[in-house]
Amino acid sequence: MQGATEHLRRQARRIVEAALERVPLKAAMLVGSAGRGDADFYSDLDLLLYVDELPPQEILEQIRTIVGGENPIKRAEPTEHFCSAEFEFDSVRTEVSFVTVAQVESRLDQLLDRPEEIDSPLQKVLSGMLEGMPLYGDEFVERWRARVRDYPEPLRRAMVKRYWNFFSLWYYGDAMATRDTELWRIDMLLDAAFNLLAVLAGLNRLYFARFELKRMRALIAKMEIAPPQLADRLESLFRLEPEIAAAELGRLVEETRVLVAAELPELDLPLQFPPGTRQQQWST
């Protein structure tokens, strides 16, 4: 909703103006839906203010007061590199955070230079940096963005290897149908759906975190390499009968395996039980 986006952006600019009067900012970034441009009237306002050194905590209170923020919410104690305030601003939940430049650059190093950190929610932070809207210090932010856009090849391979992990529901379907396993079955489906998204995100050089995943279809729309009708098929897994859902999951896994093999043929993609196989009863 364009009206919601523009309203939140106006609010964010007011906060940045108030901050600039009190703190030597290096940059400011509006993140989340307002930064991307797809906010609605449920959206929050999340603003990051980058500094060399954190200001005293009372500066955040001054900023909140000067813009008319109300009902402050107690936040965690500030750290050496981060402090924030949360309040209501014209009925919008608003979070304003100061982050040191050193912390940002350390976090970039953590993921981009050490792909073993792929399980970190940091990938959500990097995605937000690319999608966010700079409100001050555009050139400063662009230096970070240029580095983030250069998705490292070791991270691509690490994402595929780490998340190539699927419980073979197609194999165990008959056995599970005889037991009280519905919650577990759904849990395995959910894990498989997230793992498929993570594998395909890595394959497409897209940052991905399961944490608070929103706008799945927008993510999938960015994928140049993916099984056809992926979003519809993932969602259908939770509406189909168990046996049909298991077979469809198997097809998605196999189609994804073929796509990965075409791009990264050197990777080993093991499956304990390939799609299409079924557990057989034993007899005495």
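Side notes on the structure shown:
- Structural size metrics of the chain, computed from C-alpha coordinates, are Rg and Dmax of 22.6, 83 Å.
- Value at 222 nm in deg cm²/dmol, rounded to 500, when DSSP H runs of n ≥ 4 in the chain each add -39,500 (n - 2.57): -16000 deg cm²/dmol
- Taking every DSSP bridge with both residues inside region 1-148, close to 70 percent are antiparallel.
- Once C-alpha pairs closer than 8 Å and six or more residues apart are averaged by separation and normalised to the residue number of region 70-166, the relative contact order reads 18 percent.
- DSSP H segments from the chain that extend 20 Å or more along their own axis, Cα-based, with Kyte-Doolittle mean of 0.5 or above: 182-203
- Radius 14 Å from Cβ of GLY3, net charge of other residues (Lys, Arg +1; Asp, Glu -1): -2
- Along principal axes, Cα extents of region 41-138, largest first, whole Å: 42, 32, 27
- Rg/Rg_ref, region 130-271, where Rg_ref = 2.2 N^0.38 Å and atoms are Cα: 1.20
- Cβ-defined net charge surrounding PHE87, 13 Å radius [Lys, Arg +1; Asp, Glu -1]: -4
- Accessible-area composition of the chain, carbon plus sulfur, in percent [1.4 Å probe]: 50 percent
- Cα centroid separation, region 149-228 to region 6-82 (Å): 34 Å
- In the context of the full set of protein chains, region 1-121 has a per residue accessible area of 51 Å² (1.4 Å probe).
The values are calculated or read from the model by the stated rules, or taken from the named source; none is laboratory data. Model, not experiment: these values are computed from the prediction. Here Cβ is always computed from backbone atoms with ideal geometry, including for glycine, and neighbour counts include all displayed protein chains. Please note that ligands, DNA and RNA were not included when accessible areas were found on the heavy atoms of the full protein model with its side chains. Shrake-Rupley method; radii C 1.70, N 1.55, O 1.52, S 1.80 Å.
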